[in-house]
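The next block holds one structure in the form of structure tokens; read it before the comments.
The values are calculated or read from the model by the stated rules, or taken from the named source; none is laboratory data. On a predicted model such as this, the values are computed, not experimentally measured, just so you know. Neighbour counts run over all protein chains shown; Cβ positions are idealised from the backbone, glycine included.
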Amino acid sequence: MTHALEDRFGRVATDLRVSLTDRCNLRCSYCMPAEGLDWMPTEQTLTDDEVVRLVTIGVQRLGVTEVRFTGGEPLLRRGLPDIVRRTHELGGVETSLTTNALGLARTASTLAAAGLDRVNVSLDTVRADTFATITRRERLHDVIAGLEAARDAGLGPVKINAVLLRGVNDDQAGELLRWCITEGYHLRFIEQMPLDAQHGWSRTEMVTADEILEHLERDFELSPAEEPRGSAPAELFRVDGGPATVGVIASVTRPFCGDCDRVRLTADGQVRNCLFARSESDLRTALRGGADDEEIAARWVVAMQGKLAGHGIDDPSFLQPTRPMSAIGG
């Protein structure tokens, strides 16, 4: 029996984001403190078999057509290649990975062979000193090597997600775009969202989409791309007439909640119907308690009914999610 993950507003989730771990080997200043966080206990984390079972239910019973593995840093999950392979073998599903690319140089070909279709890499600068300032790690060379390996393995289009931080790298937007065009990567700038563990996000300090475009237009001529956006979060612009494009994801100032087709599964088996949800629905307990696939699917359908019309960041009553981004999954 099949169901649709439809919410009260008629939106249907077909894009499943699966967090495989809350652990990360970077310490990005806009995500977590320098000392890191208290990581999720191993016994609370879904096993590889449990992850695959929930993904299978999503694909075979609930209409999921895209599965993206996230973290934390998903490359830290030892069983990742096997999880990717088993997901790919379900058929009819696109698989992708959001990663910081540390370790991708040695795993890209294995993941491609397992059936991974493409990767999104988080990279905010191509300057080694700025990278070290933001991530608190001197690992830019490893990220670049990982990007090259992904490209060589055919994991494309290779997309890069960048966040501009005021006074840190907001003067480097054009430089990063020029580098991505030269290397053949697709760049997307994302407005910084209130998902940091420190709860230090400030609307006034955030570099807005309008500001991002202003920075880019100092070096390039931008024109709106003609392709229909659909449920894609990025607004695309042609660079100097094309064919290269750059995307801007204005999650805060130009929310696209009305077209959202995403649902998230955390590493400990909780359904999140919105990135900014303040509540979750527990599938792990049912899974480990002997529930069959039909019951788990039904619980998942119910979980979608609580999805709000929008994330409400502009509402005075807005509160950040208790979990930070590293524990939710991108």
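Among what's in region 78-127 and is out of contact with any Gly (no Cβ under 9 Å at 6 or more places or on another chain) and closer than 21 Å to E191 by Cα, pick the residue that is surrounded by the most Cβ atoms within 10 Å (Cβ to Cβ).
Selected residue: L97.
Can you name every residue in region 46-56 that is surrounded by fewer than 22 Cβ atoms within 10 Å (Cβ to Cβ), β-branched (V, I, T) and under 21 Å from N273 (Cα atoms)?
Correct list: V52, T56.
In region 80-97, which residues are more than 15 Å from G63 (Cα to Cα), β-branched (V, I, T) and without any contact (Cβ under 8 Å) to a residue 60 or more places away in the chain?
Once the filter is applied, which keeps residues that are more than 15 Å from G63 (Cα to Cα), β-branched (V, I, T) and without any contact (Cβ under 8 Å) to a residue 60 or more places away in the chain, region 80-97 yields only V84.
Of the conditions (1) farther than 25 Å from G58 by Cβ; (2) at pLDDT 85 or above, W300 fails just one. Which one is it?
Among (1) farther than 25 Å from G58 by Cβ; (2) at pLDDT 85 or above, the lone unmet condition for W300 is (1).
Where in region 63-161 are there helices (runs of 4 or more DSSP H), lying wholly inside it, with at least 1 residues that are among the basic types (K, R) and at pLDDT 95 or above?
Once the helices (runs of 4 or more DSSP H) in region 63-161 are filtered for at least 1 residues that are among the basic types (K, R) and at pLDDT 95 or above, what remains is 80-88, 104-114, 140-152.
Condition first: assigned to a strand (DSSP E or B), free of Cβ contacts under 8 Å to residues at least 60 places away in the same chain and not hydroxyl-bearing (S, T, Y). Now tell me which residues in region 261-295 satisfy that.
The answer is Q270, V271, R272, D282.
I need the full set of residues from region 5-39 which are modelled with pLDDT of 85 or more, surrounded by 13 or more Cβ atoms within 10 Å (Cβ to Cβ) and over 19 Å from the mean Cα position of the chain (by Cα), in order please.
Across region 5-39, the qualifying residues are L5, E6, D7, R11.
Can you name the residue in region 211-230 that is at pLDDT below 95 and loosely packed, with under 15 Cβ neighbours inside 10 Å and, of all such residues, is farthest from D15 (Cα to Cα)?
Only one residue tops the list, namely P224.
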